[in-house]
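Asker: Could you have a look at this structure, given as structure tokens, before my questions?
The values are calculated or read from the model by the stated rules, or taken from the named source; none is laboratory data. This one's a predicted model, so the numbers in the text were calculated from it and none came from an experiment. Every residue, glycine as well, gets a Cβ built from its backbone with ideal geometry; the counts of neighbours run over all protein chains shown.
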Amino acid sequence: MDRRQFVEACTSLGLTGVFPGVLYTKVVEADEEEVTTDHIAAAETIAGLSLTPEERELLVENLNENRSQYEALREQDIPNERAPAFTFDPRRGGAKIPSVASAEDGATSSLPTLERPDSDEDLAFASIAELAHLLRSRKVTSVELTELALERLRRYDPDLNAVITYTEERALEAAQAADDEMDAGNWRGPLHGVPYGAKDLLAVEGYKTTWGATPYRDQHIDETATVVEKLDDAGAVLVAKLSLGALAWGDVWFDATTKNPWNLDQGSSGSSAGPAAAVSAGCVPFAIGSETLGSIVSPSTRTGVTGHRPTFGAVSRDGAMALAWSMDKLGPLARSAQDCALVFDAIRGADAGDPASVDVPFPYDPSIDPSTLRVGYVASAFEEDYDNKEADKKTLEVLRGLGIELREVEMPTDLPIGAMLNTLDVEAATAFDELTRSDGIDDLVRQGENTWPNVFRTARFVPGVEFMQMNRLRVRLMEEMHDVMADLDVLASPSFQGGTLGITNLTGHPCVCVPNALRPVEEGPDVRRQPGSISLIGPLYRDHAPLTLAHALQQETDIHTRRPPIR
């Protein structure tokens, strides 16, 4: 066998270690097909063991028996959506689901009253709240908005590369149905008749679900994701399935790199690349993205939109591509925190198709005095050297101007966060085990060190004991974060400093990513900008708190209303 086959064979045994050239040559020459004491000796380094010859000899029979058992496992067809027997529960850290009732009108309580904008451009950048009033008062129709969204997507997509599949037939049918209902006086709520896009890891019956990856570019999944069904029930209109970095990493998918509307020389980041770009460019009022480790926060930051990563389990992932069952979250990207609240209210809730999903109250009230919120900030993180430092400090001053007394807080960075994040790698490698063993990962566009193919292969060498230890230590992290948030309603942090992003994705805390800067770009047309953001973290199951503060912040600032040059 060749070197690749040798490494794959050793990996399939559950062994971990470094295989030097001399050992490889010996195995090839001997044409060995079973585990030997030499294999065990080579595996000891990563496994953290030092065995005697006698101990290695005792292991040989057991490991060869394990190998045959692994082969039996691999003969089983385990689809991506099949979750493990155990379910991640953020409440292990001490949090409880609040017993407070959801606000009856909640995010709809402050829908504005306005006339129809004079231009389609202004209509394209209208908020969900504004569109809800225009639709309900019949100053605009859902068909008009849907056709405008489709036209703008087709106009700008040659530059943005944000669309994988148009759902035009489905959209126009839904839009006409929405207009008929509203003409008859039946209004389902603020999303009724509003067009939107969905990240193409969400299944929609009758359309391809490509996961942004070459091996799946013609994949059809004969079901519709729960989050899409909930939006259907709310009357929203799906116009397109939008791009994601292949298998939810980055902004490079099988056909192109999705671009940032503020600077077309730059990718829109990822993995919710298409949702962020389409919302930023005024092609759709909102889109559904996902985050496992920054996939809502990062593209929202890059493209200057508002992103909401909900509490883990608050939104069902049934019908979504699984990457890491204990870390995947679905949430909205939109023009504002108010719009994110409107969408979240429609998509939250327990669902039999997702064992981790729970019912959570949503007592969101945008009229609450923000000075009544208990707000902390990761003080040391704001002192680090990073690009958006000046804008972040100005944002803290805006918060103080709202009458908020900011409390200094530190994150539990004494724990090995990087080690615990290997949980993601192992779960992802498990979700795409067959793709790795069949060499299908060789067809992904991105290859090299920091790419899925290398991560999937590397994860095969993580010992099972260490994987379990990561998750045991993760409970301690959850406990420490629970203590940090115990006396807070919101925690403000730079989006990419202070360890906040990794920690809160491991613990499942909600985050609202708020655009707060448009820095000049050195090269290219003068109109180009580099957006920046600040992150507002909430306690578990209290998504209303960071959304409330984000809304109050956006009432004092206008970065979220700016329009990109798309050139």
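For every residue, the table says whether it meets (1) touching a Gly at 6+ places or on another chain (Cβ under 8 Å); (2) in the same structural domain as residue 537 (by TED's automatic domain parsing); (3) over 17 Å from residue 164 (Cα atoms).
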position	(1), (2), (3)
241	yes, yes, no
250	yes, yes, no
267	yes, yes, no
275	yes, yes, no
289	yes, yes, no
298	yes, yes, yes
304	no, yes, yes
307	yes, yes, yes
322	no, yes, yes
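Asker: With the requirement that a residue be within 17 Å of residue 543 (Cβ to Cβ) and in contact with a strand residue (DSSP E or B) (Cβ under 9 Å, 6 or more places away or on another chain), what does region 482-500 give you?
Answerer: Within region 482-500, 485, 488, 489, 490, 491, 492, 493, 500 qualify.
Asker: Based on this model, can you work out whether residue 382 counts as surrounded by 22 or more Cβ atoms within 10 Å (Cβ to Cβ) and in the same structural domain as residue 493 (by TED's automatic domain parsing)?
Answerer: For residue 382, the condition - surrounded by 22 or more Cβ atoms within 10 Å (Cβ to Cβ) and in the same structural domain as residue 493 (by TED's automatic domain parsing) - is not met.
Asker: Out of region 79-103, which residues are hydrophobic (A, V, I, L, M, F, W, C) and either at pLDDT 95 or above or in contact with a helix residue (DSSP H, G or I) (Cβ under 7 Å, 6 or more places away or on another chain) (or both)?
Answerer: Answer for region 79-103, where residues must be hydrophobic (A, V, I, L, M, F, W, C) and either at pLDDT 95 or above or in contact with a helix residue (DSSP H, G or I) (Cβ under 7 Å, 6 or more places away or on another chain) (or both): 88, 95, 97.
Asker: Among the residues in region 485-494, are any assigned by TED's automatic domain parsing to the domain that holds residue 250 and within 19 Å of the chain's Cα centre (by Cα)?
Answerer: yes
Asker: Go through region 111-161 residue by residue and tally those that are of a type in the set (A, V, I, L, M) and farther than 19 Å from residue 185 by Cβ.
Answerer: Counting residues in region 111-161 that are of a type in the set (A, V, I, L, M) and farther than 19 Å from residue 185 by Cβ gives 12.
Asker: Given the residues 256, 246, 277, 213, which is the only one that is closer than 30 Å to residue 136 by Cβ, touching a residue at least 40 places away in the same chain (Cβ under 8 Å) and not acidic (Asp, Glu)?
Answerer: Criteria check complete, one pass: 277.
Asker: Which residue, of 304, 267, 282, is surrounded by fewer than 24 Cβ atoms within 10 Å (Cβ to Cβ), of a type outside the set (Ser, Thr, Tyr) and in contact with a strand residue (DSSP E or B) (Cβ under 8 Å, 6 or more places away or on another chain)?
Answerer: Sole residue among the options that is surrounded by fewer than 24 Cβ atoms within 10 Å (Cβ to Cβ), of a type outside the set (Ser, Thr, Tyr) and in contact with a strand residue (DSSP E or B) (Cβ under 8 Å, 6 or more places away or on another chain): 267.
Asker: Right, next: When you go through (1) within 27 Å of residue 132 (Cα to Cα); (2) surrounded by fewer than 24 Cβ atoms within 10 Å (Cβ to Cβ) one by one for residue 326, which number turns out not to apply?
Answerer: Only one criterion in (1) within 27 Å of residue 132 (Cα to Cα); (2) surrounded by fewer than 24 Cβ atoms within 10 Å (Cβ to Cβ) is unmet by residue 326, namely (1).
Asker: Let me ask something additional. Got a sec? Which of 439, 443, 433 is on the phi > 0 side of the Ramachandran plot, of a type outside the set (Phe, Trp, Tyr) and not assigned by TED's automatic domain parsing to the domain that holds residue 252?
Answerer: Going through 439, 443, 433 in turn, the sole match is 439.
Asker: Can you tell me which residues in region 369-378 are in contact with a Leu (Cβ under 9 Å, 6 or more places away or on another chain) and either surrounded by fewer than 19 Cβ atoms within 10 Å (Cβ to Cβ) or part of a loop (DSSP other than H, G, I, E, B) (or both)?
Answerer: 369, 371, 373, 374
Asker: Tell me, yes or no, whether region 520-529 has at least one residue that is touching a Gly at 6+ places or on another chain (Cβ under 9 Å), surrounded by fewer than 24 Cβ atoms within 10 Å (Cβ to Cβ), assigned by TED's automatic domain parsing to the domain that holds residue 396 and not polar (S, T, N, Q).
Answerer: Scanning region 520-529 turns up at least one residue that is touching a Gly at 6+ places or on another chain (Cβ under 9 Å), surrounded by fewer than 24 Cβ atoms within 10 Å (Cβ to Cβ), assigned by TED's automatic domain parsing to the domain that holds residue 396 and not polar (S, T, N, Q).
Asker: If residue 505 satisfies all but one of (1) touching a Leu at 6+ places or on another chain (Cβ under 7 Å); (2) within 18 Å of residue 295 (Cα to Cα); (3) not aromatic (Phe, Trp, Tyr); (4) not in a helix (DSSP H, G or I), what's the number of the condition it fails?
Answerer: Among (1) touching a Leu at 6+ places or on another chain (Cβ under 7 Å); (2) within 18 Å of residue 295 (Cα to Cα); (3) not aromatic (Phe, Trp, Tyr); (4) not in a helix (DSSP H, G or I), the lone unmet condition for residue 505 is (4).
Asker: Let me ask something else about it. Among the residues of region 467-475, are any in the same structural domain as residue 311 (by TED's automatic domain parsing), among the charged types (D, E, K, R) and either at pLDDT 95 or above or over 28 Å from residue 256 (Cα atoms) (or both)?
Answerer: yes
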